[in-house]
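K.L.:
Would you mind keeping the following structure in view while I ask a few things?
Nothing in this text is a laboratory measurement; each read-out follows from the coordinates by a stated rule. These numbers were taken from a predicted model, which means no experiment stands behind them. Neighbour counts are summed over all protein chains in view; Cβ atoms, including those assigned to glycine, are modelled from backbone coordinates with ideal geometry.
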Amino acid sequence: MSHTSIIALEGLPVVAVLVCVAVVFWFLGWYKAAAVVTALSIFSLWFFRNPERHVPVGQGLVIAPADGKVVFAGLVHEDRYLHTDAVKVSIFMDLFSVHVNRAPESGTVTDIRYNPGKFISANLDKASLDNEQNAVVMDVGGKKVAFVQIAGLIARRIVCWVKPGDRLERGERFGLIMFGSRLDVYLPPGTPLKVAVGDKTRAGETVIGVLP
């Protein structure tokens, strides 16, 4: 699959609508409103940016699936997708983060699960349980890894480009979430982490752990 355009294609309708509205407002002479909508158009273009990243090479490296800030890193019991203890890393994306998501490791997608839910702030721990989300479960050399796209307070659309049976390479784009959100990654117990709460991550580049 190819999602390598410099702007995420899902954002183009949003940008197109804003540009059309701005043109109409300028034409009607509604200059203040036109200036506001023009600024929103420019922000939307920037928001849906889809930059290239330099994916690190190395055995067992797990990279960040999202740009943002680590808001949780530790051991949990994951009873929805993996049904076992797991090392969890949660990354919160704000409005200024790149929102295109990338596979944390190379493997085969074994399951996709979408769950509707609430839209509370994605930087809160309970967002992992209560919010709208889409989980991707992947087999990585016989180990199960899950990464979950979670909608936030403003986000109202989760996009996932993969399906069960697809092969994903480390750092490959697999989806996006619009306007502020969160990514939870679940790794096998005993996975040493390379990040801590408060660290900043870059999708496709920051190593968050090494599979045992």
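K.L.:
Sequence neighbours fewer than 8 away in the same chain don't count; with that in mind, list the aspartates and glutamates whose C-alpha is under 18 Å from Lys143.
P.N.:
By straight Cα distance, Lys143 reaches Glu78, Asp79, Asp85, Glu105, Asp111, Asp166, Glu169, Asp184.
K.L.:
I would also like to ask the following. Please arrange Ser181, Ser41 by how many other C-beta atoms lie within 10 Å of their C-beta, fewest to most. It would help to have the intermediate numbers written out before the result.
P.N.:
On the way: Ser181 33, Ser41 20.
Fewest to most other Cβ atoms nearby, the residues stand as Ser41, Ser181.
K.L.:
If I model a spin label at His3 and Val23 as a point 7 Å from the Cα along the Cα→Cβ vector, what separation in nanometres do I get?
P.N.:
Going from the His3 label point to the Val23 one covers 2.8 nm.
K.L.:
Which residue, Val36, Val14, Val162, tops the fluctuation ranking in a GNM of the chain built on C-alpha contacts under 10 Å?
P.N.:
Of Val36, Val14, Val162, the Gaussian network model singles out Val36 as fluctuating most.
K.L.:
Assuming 0.36 nm per residue, please report the length gained on full extension of the stretch Val36 to Ala16 beyond their Cα-Cα distance. Could you put the intermediate results ahead of the total?
P.N.:
Working: separation 20, 0.36 × 20 = 7.20 nm, distance 1.52 nm.
Gain on stretching Val36 to Ala16: 5.7 nm.
K.L.:
If each DSSP helix of 4+ residues adds -39,500 (n - 2.57) and the sum is divided by the residues in the chain, what number results at 222 nm, nearest 500 deg cm²/dmol? Write down the numbers at each step before the final one.
P.N.:
Details: 3 runs with 38 residues, N = 212.
Mean residue ellipticity, 222 nm, calculated: -5500 deg cm²/dmol.
K.L.:
Give me, ordered by chain and number, the residues 5 or more places off Arg157 or on other chains with an amide H under 5 Å from its own placed amide H.
P.N.:
HN-HN under 5 Å from Arg157: Met178.
K.L.:
With a ≥ b ≥ c the root eigenvalues of the C-alpha gyration tensor of the stretch 63-113, is it rounded (a/c under 1.5), prolate (a/b larger than b/c) or oblate?
P.N.:
Working: a/c = 2.22, a/b = 1.35, b/c = 1.64.
Oblate is the answer for the stretch 63-113, as a/c is 1.5 or above yet b/c matches or exceeds a/b.
K.L.:
Now for a different question. Could you pull out the chymotrypsin sites (Phe, Trp or Tyr not before Pro) across the stretch 20-78 that fall in loop regions by DSSP (anything but H, G, I, E, B) with no more than 14 other Cβ atoms inside 10 Å?
P.N.:
Values: sites: Phe25, Trp26, Phe27, Trp30, Tyr31, Phe43, Trp46, Phe47, Phe48, Phe72; in loops: Trp30, Phe48.
Taking the stretch 20-78 and a limit of 14 other Cβ atoms within 10 Å, the loop chymotrypsin sites (Phe, Trp or Tyr not before Pro) found are Trp30.
K.L.:
Shifting gears a bit: Mind ordering 74-84, 98-108, 192-202, 139-149 by average Cβ neighbours within 10 Å, highest first?
P.N.:
Working: 74-84: 13.7, 98-108: 24.3, 192-202: 15.3, 139-149: 19.4.
Highest to lowest by the protection proxy: 98-108, 139-149, 192-202, 74-84.
K.L.:
Taking the Cα-to-Cβ direction at Asp139 and at His83 and moving 7 Å from each Cα, how far apart do the two end points lie in nm?
P.N.:
Those two pseudo-labels are separated by 1.6 nm.
K.L.:
Please compute, for the alpha-carbon atoms of the chain, the extent along each of the three principal axes and give them in descending order in Å.
P.N.:
63, 32, 30
K.L.:
Now, a different point. With contacts defined as alpha carbon pairs under 8 Å and 6 or more residues apart, what's the relative contact order of the stretch 61-210 in percent? Let's see the in-between values first.
P.N.:
Working: 443 pairs, mean separation 53.5, N = 150.
So the answer I get is 36 percent.
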